[in-house]
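Just below is one structure, and these are the notes that go with it.
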Amino acid sequence: MHKKLALLAAGAALMSANAFAVSHGEAIASTCMSCHGANGKSNGAIPSLAGLDKAYFVEAMKDFKSGKRPGTIMKRHAAGYTEAEYAEMGEFFSKIK
Amino acid sequence: MSFNRRDFLKASGAGAATVLAAGCATQGAPSTAKANPKVVVVGAGFGGATCAKYLRKWGPNIEVTLVEPNDKFVSCPISNWVLGGLKTMDDITHGYDNLPKHGIKMVKDYVVGVNPSARTVKLKSGGSLSYDRLVLAPGVEIMTDYVKGFKEAEAAGKVVHAWKAGAQTALLRKQLEAMPDGGVFVMSVPAAPYRCPPGPYERACMVANYFKKAKPKSKIILLDGNPDVASKKGLFMDAWNNLYKGMIDYRPNNLPFAVDGNTMTVSTEFDDVKGDVLNVVPRQKAGEVCEMAGARNDSNGIWCAVNLATFESTTVPNVHIIGDSVLSNLPKSGHMATNHAKMCAAAIVEMFAGRQPDPTPIVANTCYSATSDTTSGYVANVFRFEKEKGYVSAPEGGATSKGDEINFAYNESWAQNIWAEVLS
């Protein structure tokens, strides 16, 4: 029992050195929900993000930033994040059922 | 923030009792990991309700209690649409029924005291709640004392600010409906910073849209305490010049210091302005509960200085402040409050686990304003936290210069979605 606890504690210490319980990607993806709806599921004209293919999401963000994809507000948002963050957000949204 | 001399004297007098620990950041040491740490959240508006939800989502072991005196959530965003007759009070009023489903304990009460050393809050009903961390999300307190005569006129139901959505919103709509064609609506804008920077100008558009249809001979006098339109200037000037030509008399640098509900007069340094409906919006400060916690700690005792990565008070350990009460360069908007809430919740979850919170959080703001019953525009910014600098606005941020129908549709969708994000 003590051995098990010690192992668990060691595991927790390792995790704390390497990762956030709430990843940077999930935290920033959560800020998208204030427009795109709870859990990325939208009511009305704003598109939903839940369940989007990761590669599609990343491509869309790149294209909003470059202006290749026309839009209203998204160029301003897309330009505020790095490509690594696009990937983290895309990963998160792709996993919402 | 800009203060005139009279304000400064008042504020320094009022703040004399507040002892400030200048520049002393007492970042609470990570609490020893507890099985079920307790968080009390005060205020179930955009910030508080969102924070409670995300604390439960990201920290399922956290016991979250949400204290709110009101039965219902009444949204400030879209409340200008009620004044314009586009929406009803029912449309902007929502229940709290879904929050307990997330494991949030809702307490209908009002906080009357905070003891940061004992980590307890005292409730008006007589009970008290203990916490490991406290999140204050009270919104703003309207400084009605700063406009002479306002309190009396407000108590008599003659003049309202309607800067907190609710009964005053409904009353102001009634006053506008009762106003004869050819009447004058006088509205004032406080000096920045105040809740919802574009709000006053959107309100002028919504009232103008109503007048144009229902009573076209009427006028709007907009007395602005700022030297210029404080937000989305291009968007609003375009609407005033093209949609409502000749209807809106915009007067910058006209801060009201007095209002008389009997003679229906607003007084500025330059003029006594008479109107049929008066809507005076006094300046604001962090909500009262922040003062109780000793967290209204900026140099004027007005706003709350926080560590902007965690939203923990710079002077009161274990007390976090989110939303409009925070001293920062971030706009005081409901949308921004929801994103303060998420960064704060993430930081609290990490701190309870004895880990360092994300050192580089990012918050975004999206704010739509309607310019008519079919057109809206937006302002959008992404703010990235940088050590020593705070939140830095990414360079592509900015506003539209003309309202259109696409953005009106997004504006309506935005409202439905943010209400769901906060309350569903």
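The values are calculated or read from the model by the stated rules, or taken from the named source; none is laboratory data. Small disclaimer: the values here were computed from a predicted structure and weren't measured. Reconstructed Cβ throughout: ideal geometry from the backbone, glycine too, with neighbour counts over all protein chains shown.
Applying the criterion of being in contact (Cβ under 8 Å) with a residue 12 or more places away in the chain and facing chain A (nearest Cβ under 7 Å) to the residues of region B:333-351, the residue that is farthest from B:GLY323 (Cα to Cα) is B:VAL349. Anything in region B:195-243 that is part of a helix (DSSP H, G or I) and of a type in the set (D, E, K, R)? List them, or say none. Passing the criteria: B:GLU202, B:ARG203, B:LYS212, B:LYS213, B:LYS233, B:ASP238.
Okay, residues lined up against (1) outside any helix (DSSP H, G or I); (2) touching a Ser or Thr at 6+ places or on another chain (Cβ under 9 Å); (3) among the hydroxyl-bearing types (Ser, Thr, Tyr):
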| site | (1), (2), (3) |
| --- | --- |
| B:GLY113 | yes, yes, no |
| B:GLY126 | yes, no, no |
| B:LEU129 | yes, yes, no |
| B:THR169 | no, yes, yes |
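Being of a type outside the set (Phe, Trp, Tyr), touching a residue at least 24 places away in the same chain (Cβ under 8 Å) and within 18 Å of B:ALA420 (Cα to Cα) is true of B:GLY95. Scanning region B:203-225 for residues that are surrounded by 22 or more Cβ atoms within 10 Å (Cβ to Cβ) and either among the hydroxyl-bearing types (Ser, Thr, Tyr) or assigned by TED's automatic domain parsing to the domain that holds B:ALA337 (or both) gives a single hit, B:SER218.
If you go through region B:218-248, how many residues are in contact with a Pro (Cβ under 9 Å, 6 or more places away or on another chain) and among the charged types (D, E, K, R)?
Filtering region B:218-248 for residues in contact with a Pro (Cβ under 9 Å, 6 or more places away or on another chain) gives B:218, B:222-232, B:235-236, B:247.
Subset that is among the charged types (D, E, K, R): B:224, B:228, B:232.
The total comes to 3.
From B:LYS105, B:LYS101, B:LYS72, which residue is surrounded by fewer than 17 Cβ atoms within 10 Å (Cβ to Cβ) and within 14 Å of chain A (Cβ to nearest Cβ)?
Details: B:LYS105 fails: within 14 Å of chain A (Cβ to nearest Cβ); B:LYS72 fails: within 14 Å of chain A (Cβ to nearest Cβ).
Within the list B:LYS105, B:LYS101, B:LYS72, the selection yields B:LYS101.
Filter region B:352-390 for residues that are crowded, with 19+ Cβ neighbours inside 10 Å and away from chain A (no Cβ under 11 Å); which is nearest to B:ILE321 (Cα to Cα)? Selected residue: B:SER369. For region A:64-82, the candidate set comprises residues that are among the charged types (D, E, K, R) and within 14 Å of chain B (Cβ to nearest Cβ); within that set, the residue that is nearest to B:ALA364 (Cα to Cα) is A:ARG76. Consider region B:392-416 and keep the residues that are surrounded by fewer than 19 Cβ atoms within 10 Å (Cβ to Cβ), free of Cβ contacts under 8 Å to residues at least 12 places away in the same chain and in a helix (DSSP H, G or I). The one that is farthest from the other protein chains (Cβ to nearest Cβ) is B:ILE406. From the list B:ASP97, B:ASP91, the lone residue that is in a helix (DSSP H, G or I), touching a helix residue (DSSP H, G or I) at 6+ places or on another chain (Cβ under 9 Å) and either at pLDDT 95 or above or farther than 19 Å from A:ALA38 by Cβ (or both) is B:ASP91. Taking the criterion of being within 18 Å of the chain's Cα centre (by Cα) and surrounded by fewer than 17 Cβ atoms within 10 Å (Cβ to Cβ), no residue of region B:178-190 qualifies.
Specify which of the listed residues (B:PRO200, B:PRO193, B:PRO252) is touching a strand residue (DSSP E or B) at 6+ places or on another chain (Cβ under 7 Å) and crowded, with 18+ Cβ neighbours inside 10 Å.
B:PRO200
Would you say A:GLY51 is farther than 26 Å from B:THR310 by Cβ, within 12 Å of chain B (Cβ to nearest Cβ), out of contact with any strand residue (DSSP E or B) (no Cβ under 7 Å at 6 or more places or on another chain) and of a type in the set (Gly, Ala, Ser)? Judged against the criteria, A:GLY51 is not a match. Name the pairs: first residue in region A:80-97 and surrounded by fewer than 11 Cβ atoms within 10 Å (Cβ to Cβ), second residue part of a loop (DSSP other than H, G, I, E, B), Cβ to Cβ under 7 Å, at least 6 apart or on different chains? Taking only residues 6 or more apart or on different chains, the pairs are A:LYS97/A:GLY51. Candidates B:GLY149, B:GLY246, B:GLY234: the one that is in contact (Cβ under 8 Å) with a residue 40 or more places away in the chain, at positive phi and surrounded by fewer than 24 Cβ atoms within 10 Å (Cβ to Cβ) is B:GLY149. Taking the conditions (1) without any contact (Cβ under 8 Å) to a residue 60 or more places away in the chain; (2) surrounded by 18 or more Cβ atoms within 10 Å (Cβ to Cβ); (3) more than 26 Å from B:PRO331 (Cβ to Cβ) in turn, B:LEU129 satisfies each one other than (1).
Kindly indicate whether A:ILE28 is surrounded by fewer than 16 Cβ atoms within 10 Å (Cβ to Cβ) and closer than 16 Å to B:LYS57 by Cα. Answer is no for this residue.
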